[in-house]
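Quick note: the coordinates plus some simple rules give every number you see, no bench work behind them. Quantities reported herein were computed from a predicted structural model and do not represent experimental measurements. Cβ coordinates were reconstructed from backbone atoms using ideal geometry, including for glycine residues, and neighbour counts include every protein chain displayed.
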Amino acid sequence: MNILLCCSAGMSTSLLVTKMEKSAQEQGIDCTIWAVGSSEVNKEMEKANVILLGPQVRYLLSKLEKSGKEKGIPVATINPMFYGLCNGEEVLKQAITLIKGE
């Protein structure tokens, strides 16, 4: 499972990536999680099973949803509360739910 996070510059989500990786490890979930800036997301899209956008780049949602739909990749905005609290467990749950199509 490959989870791509997108934010303004790819740096503000780095702590969230770490928390998500820790949660995945604790649950025995094999996944790769990485973050990129909004200018790089289109180049990285092909590698992802799901794309989650930081609240600060939610304006990209409709554009990326269209591209994602063409490639079978779900795209969503991270819940601002979970993002702000850096709740890796909840954001990981969101990603898994999207990948499973629930």
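Most mobile of GLY84, GLY68, GLY37 per a Gaussian network model of the chain (Cα springs, under 10 Å)? Looking only at GLY84, GLY68, GLY37, the biggest GNM fluctuation is shown by GLY84.
Comparing mean-square fluctuations of VAL75, VAL57, VAL36 from a GNM of the chain with C-alpha springs under 10 Å, the top value falls on VAL57. Which aspartates and glutamates does LYS19 reach when only Cα atoms under 13 Å apart count, and residues fewer than 8 places away in its own chain are ignored? Counting by Cα, and skipping residues close in sequence, LYS19 has these aspartates and glutamates nearby: GLU89, GLU90. Going from the fewest other Cβ atoms within 10 Å to the most, the residues ILE99, ILE33, ILE51 appear in the order ILE99, ILE33, ILE51. Site pair LEU61 and MET1 shows an inter-label distance of 2.2 nm when each label is modelled 7 Å from Cα along Cα→Cβ.
Using just the alpha carbons, could you tell me how many Å³ per residue the convex hull of the chain encloses?
Values: hull volume 8.5 nm³, N = 102.
With only Cα atoms used, the chain gives 83 Å³ per residue.
Straight-line reach from LYS100: taking Cα to Cα under 20 Å and skipping same-chain neighbours fewer than 8 places apart, the lysines in range are LYS47, LYS66, LYS69, LYS71. Figure legend: label point modelled 7 angstrom from the Cα of THR18 along Cα→Cβ; residues of segment 39-56 with amide N under 20 Å from it are 54-55. Among 43-49, 23-29, 1-7, the peptide with the highest mean count of other Cβ atoms within 10 Å heads the list, and the full ranking is 1-7, 43-49, 23-29. When the charge dipole of segment 2-100 is built from unit charges on Cβ atoms (+1 for Lys and Arg, -1 for Asp and Glu) and taken about the Cα centre, the candidate among THR18, VAL75, VAL36 whose Cα reaches farthest toward its positive end is VAL75.
How much of the DSSP bridge set in segment 1-82 is antiparallel, in percent, rounded to the nearest 5?
In segment 1-82, DSSP labels about 5 percent of beta bridges as antiparallel.
By the scheme Lys and Arg +1, Asp and Glu -1, what is the net charge of all other residues having a beta-carbon under 12 Å from that of LYS19? My count for the surroundings of LYS19 gives -3. Taking Lys and Arg as +1 and Asp and Glu as -1, the other residues whose beta-carbon sits under 15 Å from that of LYS71 total +1. Rounded to the nearest 20, the Cβ-based charge dipole of the chain about its Cα centre (Lys and Arg +1, Asp and Glu -1) stands at 280 debye.
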